[in-house]
1. Step by step: first the residues of the stretch 293-313, then only those that are open to solvent by 50 Å² or more (accessible area, probe 1.4 Å) and among the aliphatic types (A, V, I, L, M), then the one that is farthest from L283 (Cα to Cα). Which residue is that?
2. Of all residues in the stretch 1-34 being among the acidic types (D, E) and surrounded by 11 or more Cβ atoms within 10 Å (Cβ to Cβ), which is nearest to Q300 (Cα to Cα)?
3. Pull up the stretch 53-78, narrow it to residues that are in a loop (DSSP other than H, G, I, E, B) and closer than 23 Å to Q138 by Cα, then point me to the one that is least open to solvent (accessible area, probe 1.4 Å).
4. Give the residue, chosen from L288, L233, that is in contact with a Phe, Trp or Tyr (Cβ under 8 Å, 6 or more places away or on another chain) and free of Cβ contacts under 8 Å to residues at least 40 places away in the same chain.
5. Counting only residues that are closer than 18 Å to A18 by Cβ and open to solvent by 30 Å² or more (accessible area, probe 1.4 Å), how many does the stretch 314-348 have?
6. Quick one: would you say D224 is of a type outside the set (S, T, Y), under 23 Å from the mean Cα position of the chain (by Cα) and more than 19 Å from S250 (Cα to Cα)?
7. Please list, ordered by residue number, the strands (runs of 3 or more DSSP E) wholly in the stretch 96-208 having 3 or more residues that are surrounded by 13 or more Cβ atoms within 10 Å (Cβ to Cβ), modelled with pLDDT under 95 and within 25 Å of the chain's Cα centre (by Cα).
8. State which residue pairs qualify: first residue over 14 Å from I380 (Cα atoms) and in contact (Cβ under 8 Å) with a residue 12 or more places away in the chain and inside the stretch 310-328, second residue among the basic types (K, R) and open to solvent by 10 Å² or more (accessible area, probe 1.4 Å) in any location, beta carbons under 9 Å apart, and separation of 6 or more residues or different chains.
Amino acid sequence: MHGLDQLGFWRALASHPAYDSYWQDQALDKLLAKEPLKVPMLIVSGLFDQEDIYGGPALFKALAPKDPTGAMVHLVLGPWNHGQGRREGRGIGEIQFDGDTAGWFRRTVMQPFLDHLLKDGPDANTPRVLAYETGAEQWRRYDSWPRACAEGCPEHSRTLFLLPGGQLGFEAPAASASNYDEYISDPAKPVPYRQRPTLPIHSPDSTWGEWLVDDQRYAACRPDVLVYQTEPLKSPLRVAGEPIARLSASSTGTDADWVVKLIDVWPDEIPDHPKLGGYQQMLSADILRGRYRQDPSKPQPIVPGKILAYRLRLPNVSHTFLPGHRLMVQVQSTWFPLYDRNPQTFVPNIMNARPEDFVKATQRIWHTAQNPSVMELPVIGGVGK
């Protein structure tokens, strides 16, 4: 585009496409972690913040070690999009919560917190961590995030295996299981990040604030998206923390993107809310550019055909999968235009990729005993059956 080189920010992006020291030295959570902790703070974050889903939990993670007693640093994870804690919090799109969660938070948590500190009011009894649990539709108090639980309930990382035939389960694949699933990723026909038409963010009819809970059935029907799901659950499955996807994958290209989504699949019929029948509610999703699989500051090409390990840290979840619901994992290699298209050819600087660098690639997700692909879930309590 003509004239972009006149913009200082564009020049920085083009000169530093990797997460090198230029960007690392500007990371706000790391900068604040170096400063003395003097002021009590209530970090308010949204589980479905389409603008900055990373910042709140990252800041708490950086500052919590400086406050071992939990008296100074507090984290609130509401079921909100960007800034919704200041507005009405009854729901996002088709997904509804139990009452006005944002109004409840302001009256019950934020106001007593401020009154105690600024007006010498009574002790607000502010929890170290307060997280809204979607699905169960209730607030939970924790003494840290994401691993420990104030109620004494055990928390475990449970491994959910991607299995042959589009299955998903807590049992590892059998030794005789088929080796992989594959799809062709074509940069000329990328998977959109949401159902079209994709309206401009600031247009009057824009639903930009809803996309993190979008129904993912539009993607599930594409040939370049792999879908894995469990049988319907017989008991609740409660998760709280950071899901981690570990893929064993290969590509015919020398670079590749990997997108992984964790999804709650609703039963086929919801009598009191017909639009949610069969709804594939995205809970958490992220993308990893293959060249940064080992170090975000040092890109390395992919060896075509070689099975490599990829680890994706997904955004935080606080959710209960209810009986009759299914867990689903989707895997794809494009998420456009939310993320730029990977040419699938390794080039020194992707900002300077030429049209001929953009090629189709066959992507394989492996699910053998030797090369499993899994989702590690931060499960609290039972596994769910």
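1. Step by step, filter the stretch 293-313, then rank; the result is V303.
2. D20
3. G70
4. Exactly one residue qualifies, and that residue is L288.
5. Here the count works out to 6.
6. no
7. 155-163
8. Y310/R246; Y310/R293; R311/R246; R311/R293; L312/R246; P323/K234; G324/K234
The values are calculated or read from the model by the stated rules, or taken from the named source; none is laboratory data. Predicted, not measured: the structure shown is a model, and the values here were computed from it. Note that we place each Cβ from the backbone using ideal geometry, even for glycine, and neighbour counts take in every protein chain shown. Accessible surface areas use protein heavy atoms only, side chains included; no ligands, DNA or RNA. Shrake-Rupley method; radii C 1.70, N 1.55, O 1.52, S 1.80 Å.
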